[in-house]
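Working notes, structure below.
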Amino acid sequence: MARGRALAPLLLIAAAGCRVARPPTAAPSAPPVAVSEVAPAPTASTVPAPAASAPSAPAAEAPRPAAPDEDLDDDDDGMTAPPHRPSPAPTSPLLALSDGELQKRWAHDKASLGSLSVGAPNLGLLINGVPMGESAAWVVLDPAGAYGTEETVRSIARIIERAHEKFPDTKPLAIGHISAQHGGHLSPHKSHQAGRDVDIAYYLTQGQRGLVAETTTTLSGAETWVMVKTALLETPVEMIFMDNGVQRLLVDHALAHGESPEFIDEVFLVRGKNPAAPIRHLHGHHNHFHVRFHSPNAEALAKRLSRVLPTPKRAPPPAAQKGHGHGPPPAGASYFELRARSGDTLVVWAKRYGVSVEEIQRANGLTGNSLKIGHVYRIPRPQLPQLPPPRR
Ligand SMILES: [Zn+2]
């Protein structure tokens, strides 16, 4: 079947996700875009998730030594980046329900609550996630890893449909991972845990081939720009990870087609004008881009429920600040350890990991707001009661 043949290379994207930094050895002739800007190296103590299982290597790809920055996945730099695009206010009528009604629905009719995005993209869960579904405009590479909140799925559909409307002859675009059905860890990513992240291929001039570095000759700027612009203007996008080389190509395309330089400066970090620009470089995103959407309703409802529902007992916090090691938390503990780096604050951590400032203070016996750089702290893991265990 023609489609199956055409899609075979794309499956590599699904298998390799954001970690794939370069084309396979049977590389195409086109030279990759320059990846001169290297994101800061991660420190082990800043990785909150349990030791990541080794990604299953795509069959067609020979093992190769890991580059120093190979571990960088889709979420890290976003965490230290300047403020992301703020989330629009939630509008769900469910938020007007009483605590009692919410408790009742949680106990007896969870489906009626709609999607819930619990915790953070790199430490979270998805409840009542919905599958990406099928369309003439896209192909889902790994349906088991393509569940999102209703809001995310709607946003993804919208950005691709806009490009398809404008360019009806465009071949279906490849959608990689969103989240697992119940969220949680989804190999090989660090993020993609809460139904708000998606990996999407770029539109190419020569049909859709996966794992090909975009260059002036292979990137189809027109369709790709429609998609990215739609995300910026019509969806609650939080940030977009895109290789600097691809950013430059898109910038050139957009400016040549009449976009205002002010708008371009505002949204592309590569322009160097707006440190909080939502489109940011991250290693590995030259053959696909990664969009993180806000899910205002799914996030607000999850937060509300976490306050309304009885929280399961956490393991008692450490009695003292001394003697923090790097080992795993004690058995049964619902904490992970994190070393404070320059720029970290309790507020930043609370937002990043989906817990409250008070919870972090309690877990560490803190009375104030100050963090000591280099000191290791404990962060409670976000959770809701009676959750199904996250599946892989
Ligand atoms: Zn990703």
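Every number in this text was worked out from the coordinates using simple rules, so none of it is lab data. Note that the coordinates shown come from a computational prediction; the quantities given were computed from them, not determined experimentally. Reconstructed Cβ throughout: ideal geometry from the backbone, glycine too, with neighbour counts over all protein chains shown.
Taking 0.36 nm per residue of sequence separation and subtracting the Cα-Cα distance, how much length would be gained by fully extending the chain between THR345 and ARG307, in nm to one decimal?
The THR345-ARG307 span can extend by a further 11.4 nm.
Estimate the FRET efficiency between LYS372 and ARG105 by the formula 1/(1 + (r/R0)^6), using the beta-carbon distance for r and 41 Å for R0, to the nearest 0.05.
About 0.45, to the nearest 0.05.
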